[in-house]
Amino acid sequence: MKSFMLTVLIAVLLASFAGSVFAEVILMDFGSATYSGTDSPAHLAGVATGTTWNGFATDKASGFVDENNVSVAGLSVDFGVETGAGLRTVNYALGTKSASAGHTSYPVFDNAAQVDHVVRDGSGTLGLAIAVKGLTAGDYAFYLTGFRGDNSGNAARDYNVAWEISTTDVTDFNASAFTTLANTTKSPAGNWIAGNNYLKSNFTLSTGQNLYLYLDSPGFIGVANSLAIVSIPEPASLALLGPALLGLMRRRR
């Protein structure tokens, strides 16, 4: 009986700490079809284990779930499109759409999450912005996949990514620090390589701040395939959990 009660009490304690100790993972699959697997950079890194993805290619104001299909309140994603080729200024009122390329159309991605993607809705070689809004204050990491596409075959090539943290919409990325991803390594069977076929970065949000991502490549279309947002547990919460469990076990002996 004591053993059973101890198990129950530990479960209750773990549940009470879950919001601050264990990472929450939100998986986004951009495009018309929604993936339901584990072949992603976040899964390979060991920070994601679930198979529930949010699939969309236009602005999404609500209805997000985490990797375990638990509702995420207050989160929204607002896409933006470059206002003119090479300008690196963004209008979040411009529309986006789903596009697709088959497994053999480009030598980067080989899994279902990467076959379709989001691009500007219209013509022109324009970059793409992603505003992730409504995350609570705290420490996070993001895992982003994408490429640059031409107007016909969406062939994979190197592309540039910048990101900013702000309380207001970031519409000008000219002063941002850009990272170039070569996309030279094919990724069947989880062959994900940071800095080559995906970008991983840590970031911190204060109350009211949002994450803004921008993808482009001069003369080509900015394309986003997938995005994982992972909360990073607070060290203080981790430090408290161990003594709490130990104390509980001692009291039940």
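See the values below:
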| item | result |
| --- | --- |
| Residue tally, condition crowded, with 20+ Cβ neighbours inside 10 Å and β-branched (V, I, T), over segment 126-137 | 2 |
| The one condition in (1) within 16 Å of the chain's Cα centre (by Cα); (2) in a strand (DSSP E or B); (3) at pLDDT 95 or above that T179 fails to fulfil | (1) |
| Flag for I221 being buried (at least 23 other Cβ atoms within 10 Å of the Cβ) and at pLDDT 95 or above | no |
| Sole exception among (1) modelled with pLDDT under 90; (2) closer than 23 Å to F56 by Cβ; (3) hydrophobic (A, V, I, L, M, F, W, C); (4) surrounded by fewer than 18 Cβ atoms within 10 Å (Cβ to Cβ) for M249, by number | (2) |
| Residue count for segment 45-76, restricted to those that are surrounded by fewer than 19 Cβ atoms within 10 Å (Cβ to Cβ) and outside any loop (DSSP other than H, G, I, E, B) | 4 |
| Hey, R88 at pLDDT below 95 and either closer than 24 Å to V47 by Cβ or crowded, with 16+ Cβ neighbours inside 10 Å (or both) or not | no |
| Residue match in segment 29-37 (condition: at pLDDT below 95, surrounded by 20 or more Cβ atoms within 10 Å (Cβ to Cβ) and acidic (D, E)) | yes |
| Y159, sole failed condition from (1) surrounded by 17 or more Cβ atoms within 10 Å (Cβ to Cβ); (2) at pLDDT 95 or above | (2) |
| Residue identified as part of a helix (DSSP H, G or I), in contact with an Asp or Glu (Cβ under 8 Å, 6 or more places away or on another chain) and either surrounded by 12 or more Cβ atoms within 10 Å (Cβ to Cβ) or at pLDDT below 85 (or both) among S20, S98, S3 | S20 |
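The values are calculated or read from the model by the stated rules, or taken from the named source; none is laboratory data. Here the structure is a predicted model, which is why all the values come from computation and not from measurement. With ideal geometry, Cβ positions are generated from the backbone for all residues, glycine too; neighbour counts draw on all protein chains shown.
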